[in-house]
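First up is the structure itself, then whatever we jot down about it.
All of the numbers you see were taken from the coordinates with simple rules; none came from a lab. All values derive from a computational prediction rather than experimental measurement. FYI the Cβ positions are ideal-geometry reconstructions off the backbone, even for glycines, and counts take in every protein chain you see.
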Amino acid sequence: MHNEQQQQGYTESNQMGQQQIHAAHSLLEAHNTIGSVIATIEQSLLYENHIQDQRLMQMAQKQRTYLQGLYNTLVDTMKTGQDPAVPTQTYNMMESTNAVFGMQPGAPKSPADSVQKINDECVSGYLLSGLKAIATGFTTAAIETTNPVMRRIFADSVPNIIEMAYEIFLYQNHNHYYELPQLQQMQAEALQNGFAPMQGNTTH
């Protein structure tokens, strides 16, 4: 009798394991990560009222549309554990990839003290922060997610989120919101030449 109960318990446990498509930690990680996608989509809607630059508006709307599609893809696979109806899409930037180096003189910055002072510089910074959070969350989730399809979606989406964040960075840079100071030539060369290659067989 005892052996029969053990066997029944093993069978029920095995069947439950086969029905499960995510480990507990994977579900919790996915919930947090998808939550950051939701937050970024919703915050983008709030920020639109403060955008003055039409180019930033187009960028914000394009990125939100992409995130909405990605959200649906994630939810689809989270529910089924299978390939989603709409696979991961590639995000293509609007901005030129040429960064502007140097700094221009300007007044010191301080936080806005009224809603009326929220401008394109503020909004682009908020959007960039949201994308950084998503990229970090997706990377962490991809390392430990147990469902192979979900893991692949997280991993495949990271380059697209990076592309979106870099697009915002370039927008800020081209508008002198995010300036790029440079070292003196001797200092830069010293850092560039600060490492020597290893000798011997070092294939990679």
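Things to note:
- For the range 113-130, the condition of being surrounded by fewer than 12 Cβ atoms within 10 Å (Cβ to Cβ), assigned to a loop (DSSP other than H, G, I, E, B) and not charged (D, E, K, R) holds for at least one residue.
- Residues that are in contact with a helix residue (DSSP H, G or I) (Cβ under 6 Å, 6 or more places away or on another chain), more than 22 Å from LEU28 (Cβ to Cβ) and either part of a helix (DSSP H, G or I) or aromatic (Phe, Trp, Tyr) (or both) within the range 69-92 comprise just one, TYR91.
- Output for the range 95-153, where each listed residue is polar (S, T, N, Q) and in contact with a Lys or Arg (Cβ under 9 Å, 6 or more places away or on another chain): THR145
- Residue count for the range 71-112, restricted to those that are of a type in the set (Val, Ile, Thr), loosely packed, with under 14 Cβ neighbours inside 10 Å and closer than 27 Å to ILE21 by Cβ: 2.
- For the range 140-185, a residue qualifies if it is part of a loop (DSSP other than H, G, I, E, B) and surrounded by fewer than 20 Cβ atoms within 10 Å (Cβ to Cβ), and the qualifying residues are THR146, ASN175, HIS176, TYR177, TYR178, GLU179, PRO181, GLN182, LEU183, GLN184.
- Condition check for GLY137: over 22 Å from GLU48 (Cβ atoms), of a type in the set (Gly, Ala, Ser) and buried (at least 17 other Cβ atoms within 10 Å of the Cβ): yes
- In the condition set (1) touching a His at 6+ places or on another chain (Cβ under 9 Å); (2) within 14 Å of LEU131 (Cα to Cα), ILE41 is compliant with all but (1).
- In the range 38-70, the residue that is surrounded by the most Cβ atoms within 10 Å (Cβ to Cβ) out of those that are β-branched (Val, Ile, Thr) and free of Cβ contacts under 8 Å to residues at least 60 places away in the same chain is ILE41.
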